[in-house]
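A.B. asks: There's a structure below that I have some questions on.
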Amino acid sequence: MVRPIDVAGGTPESAWSGLPVFPALPLDPAVPPLVVAPHPDVGILGVAGLMATLGRADLVAVTDGEASHPGSTVHTPAALATIRRDETAEALSRLGLAGSAVHRLGQPDGGIDEDAVCSGLARLLSPGRWCLATWREDGHPDHEAVGRAAARACEATGARLLEYPIWMWHWARPGDPAVPWDRARCVDLTPAAVAAKAAAIAAFPSQIAPLGPEPADAAILPPNVLDHFARPFETVFV
């Protein structure tokens, strides 16, 4: 269900300190997993620690994130797309994954065609391959569209779907019945993986810092949102 997201409010990270210990996700992919990101920073926020831990992953950039600041007084959408592509390359380098394949689907930010994404993913998936995509109920329309497309592609190919939440940590609270806690699995991160993830997130200044002084150029991911992604573990839904 798409939800209004107020980045200034939301659930503080301190509220999640009492999360139960979820079962561990066995880290046994036979081939590099496919990380599907509706926007360039999203896969890094959700599963960069897992990517660093495995030391291998391919990325699908569904959009280039050109609509992150639709009223920007500093950058045009085309310029933002270029900036965010460069940020993705830098983030992968900081994870030690500079040689990873990046598949760009060229979908419009805010106007994703689920059928096209499903077809694009199906060409990259195979039986048993891990497909890490945004959770289908994450609250953001692009995240949900990508999650639904990934679920269909996995069903068609026999790939294994693993869903990672992003905005859920902002609008939900512990025990929220809208969240499938029974499907939650944990990926514990070493200090090195935590540090690599932090460095990769910092590679997206277009999202974590203001582009300029005007309200339309405000940071998309202020500190209260980024706090959710500094944990020594990551969570996926199986």
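A.B. asks: Within segment 159-169, track down each residue that is within 16 Å of the chain's Cα centre (by Cα) and either assigned to a strand (DSSP E or B) or more than 23 Å from Gly111 (Cα to Cα) (or both). Talk me through it step by step, then tell me what you get.
C.D. replies: Let us first name the residues in segment 159-169 that are within 16 Å of the chain's Cα centre (by Cα), namely 161-169.
Listed by number, the residues that qualify are Leu161, Leu162, Glu163, Tyr164, Trp169.
A.B. asks: Moving on. Could you look through segment 202-214, keep only residues that are part of a loop (DSSP other than H, G, I, E, B) and in contact with a helix residue (DSSP H, G or I) (Cβ under 9 Å, 6 or more places away or on another chain), and pick out the one that is most open to solvent (accessible area, probe 1.4 Å)? Lay out the reasoning, then the answer.
C.D. replies: In the first step, residues of segment 202-214 are kept if they are part of a loop (DSSP other than H, G, I, E, B); the result is 202-204, 209-214.
Retained after the next criterion (residues that are in contact with a helix residue (DSSP H, G or I) (Cβ under 9 Å, 6 or more places away or on another chain)): 202-204, 210-211.
Working: Ala202: 49, Ala203: 6, Phe204: 3, Pro210: 88, Leu211: 37 Å².
My answer is Pro210.
A.B. asks: Take segment 189-201 and flag every residue that is surrounded by 15 or more Cβ atoms within 10 Å (Cβ to Cβ) and outside any helix (DSSP H, G or I).
C.D. replies: Of the residues in segment 189-201, the ones surrounded by 15 or more Cβ atoms within 10 Å (Cβ to Cβ) are 189, 193-194, 196-201.
Within segment 189-201, just Leu189 meets the criteria.
A.B. asks: Moving to a separate point now. Just to be sure I understand, how many residues within segment 215-236 are in a helix (DSSP H, G or I) and farther than 16 Å from Ala15 by Cα?
C.D. replies: So in segment 215-236, the residues in a helix (DSSP H, G or I) come out as 215-217, 223-229.
Cutting the leftovers down to farther than 16 Å from Ala15 by Cα gives us 215-217.
Going through segment 215-236 one residue at a time, the tally reaches 3.
A.B. asks: Then there is this: Which one of these is open to solvent by 20 Å² or more (accessible area, probe 1.4 Å), small (Gly, Ala, Ser) and part of a loop (DSSP other than H, G, I, E, B): Ala156, Ala67, Ala116, Ala79?
C.D. replies: On the way: Ala156 fails: part of a loop (DSSP other than H, G, I, E, B); Ala116 fails: part of a loop (DSSP other than H, G, I, E, B); Ala79 fails: part of a loop (DSSP other than H, G, I, E, B).
Exactly one of Ala156, Ala67, Ala116, Ala79 is open to solvent by 20 Å² or more (accessible area, probe 1.4 Å), small (Gly, Ala, Ser) and part of a loop (DSSP other than H, G, I, E, B), namely Ala67.
A.B. asks: Which one of these does Gly10 not meet: (1) under 16 Å from the mean Cα position of the chain (by Cα); (2) small (Gly, Ala, Ser); (3) in a loop (DSSP other than H, G, I, E, B)?
C.D. replies: For Gly10, the exception is condition (1).
A.B. asks: Under 7 Å by Cβ, and 6 or more places apart or on different chains, what pairs join a residue from segment 7-20 that is farther than 18 Å from Pro222 by Cα and at pLDDT below 90 with one that is open to solvent by 40 Å² or more (accessible area, probe 1.4 Å) and in a loop (DSSP other than H, G, I, E, B)?
C.D. replies: Gly18/Pro174; Leu19/Pro174
A.B. asks: Next question, about the same structure. Checking Ala67 against (1) within 22 Å of Ala193 (Cβ to Cβ); (2) at pLDDT below 95; (3) among the small types (Gly, Ala, Ser): exactly one of these is not met. Which one?
C.D. replies: (1)
A.B. asks: Here are some residues: Val102, Val60, Val31, Val42. Which one is touching a residue at least 24 places away in the same chain (Cβ under 8 Å), crowded, with 21+ Cβ neighbours inside 10 Å, of a type in the set (A, V, I, L, M) and farther than 18 Å from Pro205 by Cα? Give the derivation first.
C.D. replies: Details: Val102 fails: crowded, with 21+ Cβ neighbours inside 10 Å; Val31 fails: crowded, with 21+ Cβ neighbours inside 10 Å; Val42 fails: farther than 18 Å from Pro205 by Cα.
On inspection, the qualifying residue turns out to be Val60.
A.B. asks: Ok, one more. Out of (1) touching a residue at least 40 places away in the same chain (Cβ under 8 Å); (2) surrounded by fewer than 17 Cβ atoms within 10 Å (Cβ to Cβ); (3) in a helix (DSSP H, G or I), what's the single condition that is false for Asp182?
C.D. replies: Among (1) touching a residue at least 40 places away in the same chain (Cβ under 8 Å); (2) surrounded by fewer than 17 Cβ atoms within 10 Å (Cβ to Cβ); (3) in a helix (DSSP H, G or I), the lone unmet condition for Asp182 is (1).
A.B. asks: Here's a follow-up. State yes or no: is Ser93 surrounded by fewer than 21 Cβ atoms within 10 Å (Cβ to Cβ), in a helix (DSSP H, G or I) and not aliphatic (A, V, I, L, M)?
C.D. replies: Details: surrounded by fewer than 21 Cβ atoms within 10 Å (Cβ to Cβ): yes; in a helix (DSSP H, G or I): yes; not aliphatic (A, V, I, L, M): yes.
Criteria met by Ser93.
A.B. asks: Same structure, new question: Select from segment 119-144 the residues that are open to solvent by less than 10 Å² (accessible area, probe 1.4 Å), aliphatic (A, V, I, L, M) and part of a helix (DSSP H, G or I) and list them in ascending order.
C.D. replies: Selection gives Leu121 alone.
A.B. asks: Are there any pairs with C-beta distances below 6 angstrom linking a residue in segment 71-89 that is more than 13 Å from Ala61 (Cα to Cα) to a residue that is in a loop (DSSP other than H, G, I, E, B) and open to solvent by less than 60 Å² (accessible area, probe 1.4 Å), with the two at least 6 apart or on different chains, and if so which?
C.D. replies: Close Cβ pairs (under 6 Å, with a partner that is in a loop (DSSP other than H, G, I, E, B) and open to solvent by less than 60 Å² (accessible area, probe 1.4 Å)) amount to Ser72/Leu211; Thr73/Gly212; Val74/Leu211; Val74/Gly212; Pro77/Glu66; Leu80/Glu66.
A.B. asks: How about segment 15-28: which of its residues are open to solvent by less than 60 Å² (accessible area, probe 1.4 Å) and not in a loop (DSSP other than H, G, I, E, B)?
C.D. replies: Step one: filter segment 15-28 for residues open to solvent by less than 60 Å² (accessible area, probe 1.4 Å), giving 15-16, 19, 22, 25.
Selection gives Ala15, Trp16.
The values are calculated or read from the model by the stated rules, or taken from the named source; none is laboratory data. The structure presented is a predicted model; accordingly, all values stated were derived computationally and were not measured. All Cβ positions, glycine included, derive from the backbone under ideal geometry; neighbour counts span all protein chains shown. The protein model used for the area step is the full one, side chains on, heavy atoms only, and it has no ligands, DNA or RNA in it. Shrake-Rupley method; radii C 1.70, N 1.55, O 1.52, S 1.80 Å.
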